[in-house]
1. Does residue 84 count as assigned to a strand (DSSP E or B), modelled with pLDDT under 95, within 29 Å of residue 115 (Cα to Cα) and out of contact with any helix residue (DSSP H, G or I) (no Cβ under 8 Å at 6 or more places or on another chain)?
2. Could you run through region 128-164 and say how many residues are outside any strand (DSSP E or B), touching a strand residue (DSSP E or B) at 6+ places or on another chain (Cβ under 7 Å) and loosely packed, with under 11 Cβ neighbours inside 10 Å?
3. Can you confirm whether region 92-102 contains a residue that is within 22 Å of residue 31 (Cβ to Cβ), assigned to a strand (DSSP E or B) and within 14 Å of the chain's Cα centre (by Cα)?
4. Can you go through 37, 77, 106 and tell me which one is assigned to a loop (DSSP other than H, G, I, E, B) and closer than 23 Å to residue 124 by Cα?
5. Within region 84-93, track down each residue that is touching a residue at least 60 places away in the same chain (Cβ under 8 Å) and surrounded by fewer than 22 Cβ atoms within 10 Å (Cβ to Cβ).
6. Residues to consider are 79, 101, 160; find the one that is under 22 Å from residue 51 (Cβ atoms) and in contact (Cβ under 8 Å) with a residue 60 or more places away in the chain.
7. Select from region 109-127 the residues that are crowded, with 16+ Cβ neighbours inside 10 Å, assigned to a helix (DSSP H, G or I) and more than 13 Å from the chain's Cα centre (by Cα) and list them in ascending order.
């Protein structure tokens, strides 16, 4: 089987491993996007673990790395051959530019490099834009989890992708 390559980042965007210096902006994007709250401490703890290479940020390249705002981020964890995408968001002013697709494809490629054979995620049942993005990347809905999310209470759609 030929090795698949991740889609390149859209023109003007670079993707890098997340660092501790990114966390305040990541939490800001998390809060603005209505994701389930992790907060600074949870992201920091995740950065200390074996999956820190599955924590990525996207930035515009038209400024220095330190000054450029984070356009989006993705946080995933690989365990026992399965990738779980935990949190994933693009700042509202940067949406619909291919940044989400590039982040998703990059983390899926990292999982393939680790020899993971499947990817999983949960998404709000009303977040049709995110579900469409995942479907374009090959994910399929396989289950629904009632009342999975709080604030507001909402079902989750469980989606999976075969990485083999």
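1. Working: assigned to a strand (DSSP E or B): yes; modelled with pLDDT under 95: no; within 29 Å of residue 115 (Cα to Cα): yes; out of contact with any helix residue (DSSP H, G or I) (no Cβ under 8 Å at 6 or more places or on another chain): yes.
For residue 84, the condition - assigned to a strand (DSSP E or B), modelled with pLDDT under 95, within 29 Å of residue 115 (Cα to Cα) and out of contact with any helix residue (DSSP H, G or I) (no Cβ under 8 Å at 6 or more places or on another chain) - is not met.
2. 1
3. no
4. Exactly one of 37, 77, 106 is assigned to a loop (DSSP other than H, G, I, E, B) and closer than 23 Å to residue 124 by Cα, namely 37.
5. 91, 92
6. 101
7. Once the filter is applied, which keeps residues that are crowded, with 16+ Cβ neighbours inside 10 Å, assigned to a helix (DSSP H, G or I) and more than 13 Å from the chain's Cα centre (by Cα), region 109-127 yields only 112.
The values are calculated or read from the model by the stated rules, or taken from the named source; none is laboratory data. None of these values were measured; they are calculated from a predicted model. Heads up, the Cβs are rebuilt from the backbone with ideal geometry, glycines too, and the neighbour counts pull from every protein chain shown.
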